[in-house]
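Read the structure below first, then the notes.
What follows is calculated from the coordinates using simple rules that are stated; it is not laboratory data. The structure displayed is predicted, hence computed values, not measured ones. Positions of Cβ are generated from backbone atoms using ideal geometry, with glycine treated the same way; all protein chains shown enter the neighbour counts.
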Amino acid sequence: MGRYFGTDGFRGEANVKLTVEHAYKVGRYIGWYFGAHDGKKCKVVIGKDTRRSSYMFEYSLVAGLTASGADVYLLHVTTTPSVSYIVRSEDFDCGIMISASHNPFYDNGIKLINSDGYKMDSQIEDLIENYIDGLGPDIPFATGAEIGRTVDYAIGRHRYIGYLISLATRSFKDMKVGLDLANGSATTVAKGVFDTLGAKTYVINSEPDGTNINTNCGSTHIEGLKKYVVENGLDVGFAYDGDADRCLAVDERGNLIDGDQIMYICGVYMKERGELNNNTVVTTIMSNFGLYKALDRAGISYEKTKVGDKYVSENMAANNHSIGGENSGHIIFRKHAVTGDGILTSLKLMEVMLEKKMKLSDLASPMTVYPQVLKNVRVYDKPAARSDEDVVKAISTVEAHLGNTGRILVRESGTEPVIRVMVEAGTLEECEREVDSVIAVLKEKGHVAE
């Protein structure tokens with residue numbers, strides 16, 4: 001974890017943790033770095049979500065980039081996966097997405113994407129952090145004809161929309177589909193895709209005003225879509241987050257279908273069609289125990305990575321796996337994208353429903369989602385607390401109690417002085433009891449910061 005960049009970019013409250021000066025320096029360094037190393041004028045494509053501060057950061061990045069001699073292509077309001085698609089399919093050195101994903105509107109972020117469409121290498125992020133802190137090179141200003149320019153590149157977003165439409169295997173005619181656009185990036189993409197494919201599209205939360213992105217809507221607040229699907233008799237509903245790299249679904253009965261269930265449904269379908277490379281689904285350690293039980297029954301293998309779609313993507317690329325993701329709804333279909341793509345995920349679920357002629361509730365029914373309790377415990381010293389012999393013994397005791405009927409996961413937070421204790425078991429009461437037994441030992445040994 002860097003000083004500024006985490007697993008999903010440089011993120012924080014706008015003009016508090018992430019300022020316009022930071023954005024300007026990011027632009028200055030990128031414009032110089034890729035131009036100097038490649039011996040040609042740097043080309044960068046930028047997208048943004050609907051936060052009020054996204055425009056401010058866009059202008060600041062553009063100023064830094066063009067001052068270093070880079071040409072900048074503006075996609076305007078668009079999704080993170082669209083930036084990844086444009087970067088890797090066209091001749092760009094780098095992509096930038098201005099978004100804080102599912103965070104509230106007053107936060108924002110700068111996500112850097114390399115020329116292959118993946119998240120930027122940490123080594124380059126380290127160099128940018130050094131430059132921000134005044135430890136980097138003295139970067140000259142471009143002059144004369146070397147000064148960069150900006151190009152309106154909305155056509156890039158339209159090409160991405162066309163690409164999504166081309167992936168559909170059947171018409172969506174007569175399918176009643178609900179879309180919760182989270183007042184975010186999906187507002188410029190999703191409805192057009194579903195309308196073109198013939199769906200009867202019902203849309204909510206599609207009027208961004210700069211401050212309502214993710215506010216009681218989208219994939220982090222699924223209750224509204226659940227109610228909307230039932231009240232309108234829809235076949236399915238899809239909810240995206242602020243930059244539309246996540247998707248959660250709602251079946252025709254109003255039940256949540258989370259990322260783990262989506263991976264199960266699509267993984268089984270891909271196995272049936274001979275498209276599941278290595279017969280493996282890639283998950284993070286936070287996926288539900290029920291997913292693993294269901295995959296075992298289906299004869300599908302799985303791998304577990306650290307939390308973060310970045311690690312899922314790295315594992316998939318290294319091992320040529322075809323599907324992976326997180327229970328939060330970051331799902332990667334590597335044949336079609338190298339990053340999580342919420343709208344693509346919804347299209348792939350529609351494909352399974354239509355090709356198998358089954359309702360979403362029936363497709364999800366073989367997987368039981370185990371009750372889960374997760375508690376965060378603030379501690380004085382994370383490594384000391386996690387490695388304490390008595391804490392380790394308490395965890396082992398829980399593992400013995402659960403056997404093959406559940407699991408416990410105890411891990412250190414990457415960003416806070418917190419130990420996360422999570423248990424999945426047959427009942428919520430059992431989860432609570434086992435979680436509390438470990439926390440009690442943490443308290444007894446003096447690790448908990450009250």
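Just to verify a number: FRET efficiency for Asp362 and Tyr55, C-beta to C-beta distance, R0 = 56 Å, to 0.05? Taking R0 as 56 Å, the efficiency between Asp362 and Tyr55 is 0.80. Shape summary: region 372-444 maps onto an equivalent ellipsoid whose semi-axes, from the alpha-carbon gyration tensor, are 20, 13, 10 Å in decreasing order. Under 5 Å from the amide H of Val282 lie the amide H atoms of Glu303, Ile323, Gly324, Gly325, each residue being 5 or more positions distant or on a separate chain, with H modelled from the backbone and absent for Pro and chain starts. Simple rule: put +1 on each Lys or Arg Cβ and -1 on each Asp or Glu Cβ in region 1-107, find the dipole, and look at Gly64, Ser101, Gly47; the Cα lying farthest toward the positive end is Gly64.
Largest mean-square fluctuation among Ile204, Ile113, Ile262, in a Gaussian network model of the chain whose springs join Cα atoms under 10 Å apart, belongs to Ile204. Summarising the label geometry, the points placed 7 Å from Cα in the beta-carbon direction at Tyr106 and Asp195 lie 3.5 nm from one another. Each eigenvalue of the Cα gyration tensor of region 42-101, multiplied by 5 and square-rooted, gives one semi-axis; in descending order these are 17, 16, 7 Å.
Among beta bridges identified by DSSP and lying wholly in the chain, the antiparallel ones come to about 50 percent. For region 139-247, pairs of C-alpha atoms spaced more than 21 angstrom apart make up 45 percent of the total. Spatially, region 160-203 and region 44-69 are offset by 28 Å when compared through their Cα centroids. Each eigenvalue of the Cα gyration tensor of region 79-124, multiplied by 5 and square-rooted, gives one semi-axis; in descending order these are 21, 12, 7 Å. For region 276-366, the Cα-based Rg and Dmax, in that order, read 12.8, 35 Å.
Comparing Cα centroids, region 80-106 and region 301-347 end up 17 angstrom apart.
With Rh defined as the Kirkwood radius, the inverse of the mean 1/r over Cα pairs, the Rg/Rh of the chain is 0.99.
For region 372-444, the relative contact order comes to 41 percent (Cα pairs under 8 Å, sequence separation of at least 6). The translational diffusion coefficient of region 1-66, from Stokes-Einstein at 10 °C and 1.306 mPa s with a Kirkwood hydrodynamic radius over alpha carbon pairs, comes to 126 µm²/s. With Rh defined as the Kirkwood radius, the inverse of the mean 1/r over Cα pairs, the Rg/Rh of region 205-330 is 1.02.
In nm, what is the difference between 0.36 nm times the number of residues separating Asp436 and Asn130 and their Cα-Cα distance?
Details: separation 306, 0.36 × 306 = 110.16 nm, distance 4.27 nm.
Full extension of this stretch gives 105.9 nm more.
On full extension, the segment bounded by Ser166 and Asp152 gains 2.6 nm, given 0.36 nm per residue less the C-alpha separation.
Across all directions, the average projected area of the convex hull around the alpha carbons of region 5-154 is 8.0 nm². With each label modelled as a point 7 angstrom along the Cα→C-beta vector, the Asp390-Ala449 pair spans 2.1 nm.
DSSP bridge analysis restricted to region 5-154 gives an antiparallel fraction near 40%, rounded to the nearest 5. The slack in the chain from Glu429 to Ala298, taken as 0.36 nm per residue of separation less the alpha-carbon distance, amounts to 44.3 nm. When you filter the trypsin sites (Lys or Arg not before Pro) in region 346-421 for DSSP loop state and at most 12 other Cβ atoms inside 10 Å of their Cβ, you are left with Lys357.
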